[in-house]
Amino acid sequence: MNNILLLGGTGFVGSHVAEKLARWPCRVTVPTRRRANARHLQTLPLVEVVEANVHDEQILTQLLHGHDAVVNLVAILHGDAAAFQQAHVTLPTTLGRACAATGVRRVVHVSALGADANAPSLYQRSKAAGEAALQAADVDLTVLSPSVIFGAEDKFLNLFAQLQRVFPVMPLAGSATRFQPVWVEDVADAVLACLKNPATMGQTYEACGPDVFTLKALVQLAGRVGGVQGGRGRPVWPLPHWAGHLQALLMELAPGQPLMSRDNLASMAVDNVASGTCPGLEALGLRPESLHAVAPTYLNRRGPRSRLLAMRRTAGRF
């Protein structure tokens, strides 16, 4: 497998996947609406960045020509019903047709843990519809369903640590919701493992870390490890549902991308942990890294990469 089309390759997870694909090695094509979004990828060997709108079916079909497989990482966390439909449902549907037109059969699709047609949030329901669209297509599909993803460039633990450096207390909606965070490097390794192993075709893998945390515990960990208030962090005040709903509404009304939306809050009506009905990362030959081991390497540091990543790269893992 020499040529991979990587959709969503300029994002948090996609950047790690692109780096690993280049080290495999294979040739990687990363489409982006604006080349400036991919500056961090343009120095990678064997990675070609092209300006293209992958939501245009004709363009996507043209991009697929000459490739052996496609990895789809395109996703959004915030938006209205139309935005979720375009990113999570229409694009996978279009991708299925484009694969049929070009004969590209191999697809690795990164979905989300908790994707369910009957789930409480638009995000979860649209993710489920996208999976269904690709499963109905004539492709050799592998689905990865990660819990919340953490890493040196994340907007998750880093955000919680930054907020605690500003505010004296942390009012928190959904504080009791449980998550099973997974390291971005483990998710990227899982994508490679799926591409390398034909036995993964037709399978769905739950990509989760080894530990389960409540959202409150994650916020507290981010404050402590981030060195806030001498490593004590800030007090966390769990909010009742009505107050959390109001908080999310006010955040939606603020300029820019919201820190939390009402749809995010709806997602937290159900725990985001492995169901056990699908194989996990261990079935791909991976041993997922603990949040406790990785978070201290970046939460209280500056720079895009952690010391642990550098050490592992030196040790030959990549």
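Provide the percentage of antiparallel DSSP beta bridges, counting only those with both residues in the chain; round to the nearest 5. Walk me through the numbers on the way to the answer.
On the way: 2 of 34 bridges.
About 5 percent, rounded to the nearest 5.
Just how far, in whole angstrom, is region 115-189 from region 10-65 if you go by their alpha carbon centroids?
Their Cα centres are 22 Å away from one another.
So who's got an amide H within less than 5 Å of the one on residue 150, skipping anything under 5 residues away but keeping other chains? H placed 1.01 Å off N, in plane.
182, 183, 184
In nm, to one decimal, how far is the residue 165 label point from the residue 246 one, both placed 7 Å along Cα→Cβ?
3.1 nm
Please state the shape class of region 111-162: rounded when a/c is under 1.5, otherwise prolate if a/b exceeds b/c and oblate if not, all from the C-alpha gyration tensor.
oblate
Compute the distance in nm between two label points, each set 7 Å from the Cα along the Cα-to-Cβ direction, one at residue 232 and one at residue 117.
5.3 nm
Between residue 212 and residue 292, with labels modelled 7 Å along Cα→Cβ, what's the label distance in nm to one decimal, could you check?
According to this spin-label approximation, the distance is 1.6 nm.
Between residue 156 and residue 33, what is 0.36 nm times their sequence separation minus the Cα-Cα distance? Round to one decimal in nm.
Stretched fully, the residue 156-residue 33 segment lengthens by 41.8 nm.
If exposed trypsin sites (Lys or Arg not before Pro) are those in a DSSP loop with at most 14 other Cβ within 10 Å, what is the longest stretch of the chain that has none?
Segment 35-154 is the longest.
Of the labelled options [x] 17.6; [y] 15.6; [z] 14.5, which one gives mean projected area of the Cα convex hull in nm² as computed for this structure?
After the calculation, the listed value that fits is [y].
Going by how many other Cβ atoms sit within 10 Å of their own, how do 270, 13 line up, fewest first?
By the 10 Å Cβ count, ascending, the order reads 270, 13.
Taking every alpha carbon pair in region 50-172, what does the distance histogram look like in 10 angstrom bins from 0, in percent?
Percent of pairs per bin, in order: 12, 37, 30, 14, 6, 1.
List 109, 65 from most exposed to least, where exposure is judged by having the fewest other Cβ atoms within 10 Å. Mind dumping the intermediate values first?
Details: 109 26, 65 13.
Listing 109, 65 from fewest to most nearby Cβ atoms yields 65, 109.
Rg and Dmax of region 1-55 over Cα atoms: what are they, in angstrom?
9.9, 28
Would you mind getting me the FRET efficiency between residue 56 and residue 278? Use the beta-carbon distance for r and R0 = 41 Å, nearest 0.05. Write out the running numbers ahead of the final one.
Values: r = 33 Å, r/R0 = 0.80.
Once the sixth-power term is evaluated, E becomes 0.80.
Which of the helices in the chain meet the span-like rule: DSSP H, Cα axial reach of 20 Å or more, Kyte-Doolittle mean at least -1.0?
122-136
Taken together, the values in this text are just the output of simple stated rules run on the coordinates, not laboratory data. The shown structure was predicted, so the numbers you read here are calculated from the model rather than taken from an experiment. Glycine gets a Cβ as well: all are built from the backbone with ideal geometry, and neighbour counts include every protein chain shown.
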